Number of protein chains: 4
Amino acid sequence: MQVRVRYAETDAMGYVYYGQYATYFEVARTEAVRALGLPYTELEAAGVMLPVREMQVRFHRPARYDDLLTLTTELRELPSVRIKFWHRITNEAQALLTEGWVELVFVDANTRRPRPAPEQLIRLLASPPQQ
Amino acid sequence: MQVRVRYAETDAMGYVYYGQYATYFEVARTEAVRALGLPYTELEAAGVMLPVREMQVRFHRPARYDDLLTLTTELRELPSVRIKFWHRITNEAQALLTEGWVELVFVDANTRRPRPAPEQLIRLLASPPQQ
Amino acid sequence: MQVRVRYAETDAMGYVYYGQYATYFEVARTEAVRALGLPYTELEAAGVMLPVREMQVRFHRPARYDDLLTLTTELRELPSVRIKFWHRITNEAQALLTEGWVELVFVDANTRRPRPAPEQLIRLLASPPQQ
Amino acid sequence: MQVRVRYAETDAMGYVYYGQYATYFEVARTEAVRALGLPYTELEAAGVMLPVREMQVRFHRPARYDDLLTLTTELRELPSVRIKFWHRITNEAQALLTEGWVELVFVDANTRRPRPAPEQLIRLLASPPQQ
């Protein structure tokens, strides 16, 4: 999936601000989960929250205003109480700009305690829909 | 009250992004209401929400990274169902950078319907604490 | 054109933060000008800057996480030294959420002084490309 | 040093958005370097840029609107071509909310190539000013 860099996302160096990549990663994992057939809003409606536990980002090259970025998302293992998304961001010249991962925790919205990943999500990950 | 411009708040022109001023205005009215003795968190705890109804901003001169901005806040009339804050932002050379106003609506957090301003707030505005 | 509300854009009320609409308006006018055949990056490359002079926003209904927003942009007069974009934002149920306008000033990037709108832009606005 | 959580920085979970911590870390390192006697704006004026190379953040507990956060910054080694800041964020109850590090690269603003840390910075770090 792709995002176009907004002026609001740049900084005085003329680059995308480094904290902005957390938002790009959010967009990437949101669309990856939607493509599986389980929008994050449905998880929320079912009482599941997904706060972030840890993230790491490595910045190789800067992105600039109006760049069209391609975001890729990968799961390398099935989720348990946690789920870890690996991301890469490339520009229109296919240069790798940024890579990183974000680990989130499944939390029960009522008790605010960790809980296992929803079974529906694990089933969809084990046999994703044909596209 | 004062805020220091963060790098995250600048854009590729080297100026503070125009949408950022909404946040500066938020900080200004938050501290103005806290100085009255009624933190916004107490309003929220009492079931009062304050979504924004309208705003206008006029940009005279740009702010830049690391500028120390002075924010002033003024109420020109007592609140009813709405409250309107007038703001001015100046830099260290006392130059006027930005001015504007934000009008918010008192909303009951349960019914999500408009409601009158809390009497405690009106009392504090009518006779503000000595400083 | 459309934008999907990101989690980063929401606030603790569960709504899109009011300052975020400045960014949506930026995206709307960027794509409107691109559709004319004159990307804003070309203006910048030609030494034209477009800082914001004034804006007004009226908030009718809140937007929420993952809402798919439709942004419309209108010019009601040809630009001179200034250009004024009128925007409306609606949700998937066609409800009007927000409306407002943003007025920007054409500035020479070298002198940082106001200058007239580029003739190419005025020509394109007078006879926009067939779509 | 301390920052007060702004409404703009929260998200629909009622927590500070995870990408916002990059900005808090920026504020923390900016003030740490200013306290040494070498404001980042002076580095920029001397033609030194400091883009981020890598960061890691671990989220232990959420921060909420209006929380007063304490930011601590530590350098565990003298900078070379890179400089790595370690950060911790605690709330008013001294609970650890977030910890992480950010590694930046010294870049020559003209050539946009890496360069060694300025000698003045290394001297100040080796014998910091008495406070």
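The values are calculated or read from the model by the stated rules, or taken from the named source; none is laboratory data. In this text the structure is predicted, and so the values were computed from the model without any measurement. Here Cβ is always computed from backbone atoms with ideal geometry, including for glycine, and neighbour counts include all displayed protein chains. These area figures cover heavy atoms from the full protein model, side chains too; ligands, DNA and RNA do not enter into them. Shrake-Rupley method; radii C 1.70, N 1.55, O 1.52, S 1.80 Å.
Points to keep in mind about this one:
- Within 10 Å of the Cβ of each residue in D:19-28, the mean number of Cβ atoms contributed by other protein chains is 6.
- Loop-resident sites, segment D:24-117, for GluC sites (Glu not before Pro), counting at most 12 other Cβ within 10 Å (DSSP): D:E77, D:E92
- A label point on D:Q94, set 7 Å along the Cα-to-Cβ line, lies at 4.5, 5.7, 6.1 nm from each of its counterparts in the other copies, closest listed first.
- D:H87 accessible area, assembled protein chains, probe 1.4 Å, Å²: 10 Å²
- Crossing angle, helix A:20-36 versus chain A [Cα axis fit, 0-90 degrees, rounded to tens]: 50 degrees
- Gain on full stretching of the segment that runs from A:N110 to A:S127 - 0.36 nm per residue minus C-alpha separation: 3.1 nm
- Only protein heavy atoms count here, probed at 1.4 Å, and on that basis chains B and C bury about 2400 Å² of accessible area in total.
- Vicinal HN-Hα couplings computed from phi for segment D:6-19 (Karplus, 6.51 cos²θ - 1.76 cosθ + 1.60; Hz; Gly/Pro x): 8, 4, 4, 8, 8, 10, 5, 6, x, 9, 5, 4, 4, x
- Using θ = phi - 60° in the Karplus curve 6.51 cos²θ - 1.76 cosθ + 1.60, the 3J(HN,Hα) couplings for segment C:96-107 round to 6, 9, 8, 9, x, 9, 9, 10, 10, 10, 6, 10 Hz; x is entered for Gly and Pro.
- Structure remark: mean-square fluctuation, Gaussian network model of chain D, C-alpha springs under 10 Å; the largest value among D:R82, D:R58, D:R29 belongs to D:R58.
- Other copies of A:G37: label-to-label distances in nm, shortest first, labels 7 Å along the beta-carbon direction: 4.6, 6.1, 6.7
- Scalar couplings 3J(HN,Hα) for segment C:72-80, obtained by applying the Karplus form with A = 6.51, B = -1.76, C = 1.60 to θ = phi - 60°, are 10, 10, 9, 10, 9, 8, 5, x, 10 Hz; x denotes Gly and Pro.
- Distance from segment A:1-47 to segment C:10-74 (C-alpha centre basis), Å: 17 Å
- The calculated 222 nm mean residue ellipticity attributable to helices in chain C amounts to -7000 deg cm²/dmol, summing -39500 (n - 2.57) over DSSP H runs of n ≥ 4 and dividing by all residues.
- Near-label residues of segment C:106-130 by backbone N, under 14 Å of a point 7 Å along Cα→Cβ of C:E74: none
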